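*Asks:* Please see the structure below; I have some questions.
The values are calculated or read from the model by the stated rules, or taken from the named source; none is laboratory data. Not measured: the values here are computed from a predicted model. Cβ atoms come from the backbone with ideal geometry, glycine included; neighbour counts cover every protein chain shown.
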Amino acid sequence: MHLQLRPACAGLLGTALLALGQFSFAAESYPSRPIKVVAPYAAGGAIDIVARTLSEPVGRALGQPLVVDNRTGAAGNLGVDAVAKAPPDGYTLTVALSSNLMINQFLYTKLPYHPEKDLKLVAKVAEAPLVLVVNSHLEVSNIAELRKYVQSHKGKMSYGSWGVGTISHLSASRLNDLLGGDMAHVAYRGESPMINDLVAGNIQVSFVTGAQAPQFIAAGRLKAIGVTGPARLTALPEVPTLSETGISDPLLRAVGWVGVAAPAGTPAPVVDRLASEIDKALRKPDVQKRIRDLGWAPSYQGPEDIAATYRREAPIWKEVVRQSGAKLD
C-alpha cells in the first residue's frame, strides 16, 4: 500500500523538514557573531567580575567574543528581564544571582518576567554561602550559646540585613524562628553600613558574605558562629557549617548561587554547547581563584542539574518569603 499525502499535508511536512534542517544548521554553525552577556549589576561588582572572568575563556573556545553589557536597576531585575525578552537564539545571556533567577518571583508583586517560564538555566557557576556572625562583645561563641542568649534576651536583640527580601534577610529571619529569639529586623542599604553597625554593637547578629567576613573576623571585630551550605568555606576552614552545629534546616543548608541563563526556547544544542564551555572554563585555576577571591565557591552544574536544584529549592524560598512577610513592588 502506498501512502499518498494531500498537497496541504505535503506542504506542511516539507516546511517542518526545512525548519529541522535550518535548526540543525544553526546549531552546528553557532556562534557566528558575538554573544552579549548581560550583567545586571554595576561594573566592578562581584557579578560583573564573574561575567568577565568567564567570558574570556568561553569566548575564545567558541571563536566569538562574549561582550559584557552592564544593565543595572531594580536589584538586578531589569537586566534579567531584558534577557528574558530577547530572541532565544543563544546570542543573549545573563550571569545573575539566584535571587534574580529564582527567589524574586516570590518577593516582588510586579516582577516583569517569570524565571521558570521565561528563562532557560544554562549552568550554575558558583555558590555564595553566608557567614553567621555576632558582635565581638556578645558573650557567645557557638550556636548553642547564641540560642541560650537570644532566648534570655527576647525583644532586646536585633539582626541586620542588607535589604528587605535579600538572602541575608530571609536567612536571618529563618534562623530567628529556629532560635525562638524574637529578634527585630533592621534593614540597611547595603552590606557595608550593616557591618559597621554590627561592629559598633547597634545590632547583634547578622549574616555576611564570604568576601567581607574574614577580614573582620581576623581583626577580632566579629565572631563567626557558622556558615550556610553543605561545606566549610576555604577562607574560614575552622568555622563549622550550621548543619554541623545542629541547625538542620533545608534553607540554611542551601546557599545562594550564581547562574548563567538564556531566554526560554533557546535550542538545546546551543544550551549544551554553552554549558560545556562554561564547565571547561570553571576548571581553570585562574578562574577558580578569581571566584574564590570574591568569597564564593566555584561550583558547576549543567542544565539538568541546575534545573533540579531550582525545583528543589524554589518551594523552600517561597515558604520563607511567605513567613517573613517581605514584599516588594
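*Asks:* Mind telling me which of the residues 72, 94 ends up being part of a strand (DSSP E or B) and either under 17 Å from the mean Cα position of the chain (by Cα) or modelled with pLDDT of 95 or more (or both)?
*Replies:* Details: 72 fails: part of a strand (DSSP E or B).
Every option except 94 fails the conditions.
*Asks:* Under the condition of being surrounded by fewer than 20 Cβ atoms within 10 Å (Cβ to Cβ) and aliphatic (A, V, I, L, M), which residue from the range 201-250 is nearest to residue 312 (Cα to Cα)?
*Replies:* The selected residue is 231.
*Asks:* Which count do you get for residues in the range 223-253 that are at pLDDT below 90 and of a type in the set (S, T, N, Q)?
*Replies:* The total comes to 2.
*Asks:* On to the next question. Name the single residue that is farthest from residue 283 (Cα to Cα) among those in the range 38-67 being hydrophobic (A, V, I, L, M, F, W, C) and in contact with an Asp or Glu (Cβ under 7 Å, 6 or more places away or on another chain).
*Replies:* The extreme case among them is 42.
*Asks:* Which residues, counting only those in the range 12-42, are aliphatic (A, V, I, L, M) and modelled with pLDDT under 95?
*Replies:* Within the range 12-42, 12, 13, 16, 17, 18, 19, 20, 26, 27, 42 qualify.
*Asks:* So which residues in the range 238-272 are under 17 Å from residue 95 (Cβ atoms) and not hydrophobic (A, V, I, L, M, F, W, C), if there are any at all?
*Replies:* Answer for the range 238-272, where residues must be under 17 Å from residue 95 (Cβ atoms) and not hydrophobic (A, V, I, L, M, F, W, C): 256, 259, 263, 266.
*Asks:* Pairs only if they're at least six apart or on different chains, beta carbon under 9 angstrom, first in the range 287-309 and within 17 Å of residue 273 (Cβ to Cβ), second part of a loop (DSSP other than H, G, I, E, B); list them, first residue then second.
*Replies:* 300/283
*Asks:* Does residue 103 satisfy the condition of being under 17 Å from residue 79 (Cα atoms) and of a type in the set (Val, Ile, Thr)?
*Replies:* The answer is yes for residue 103.
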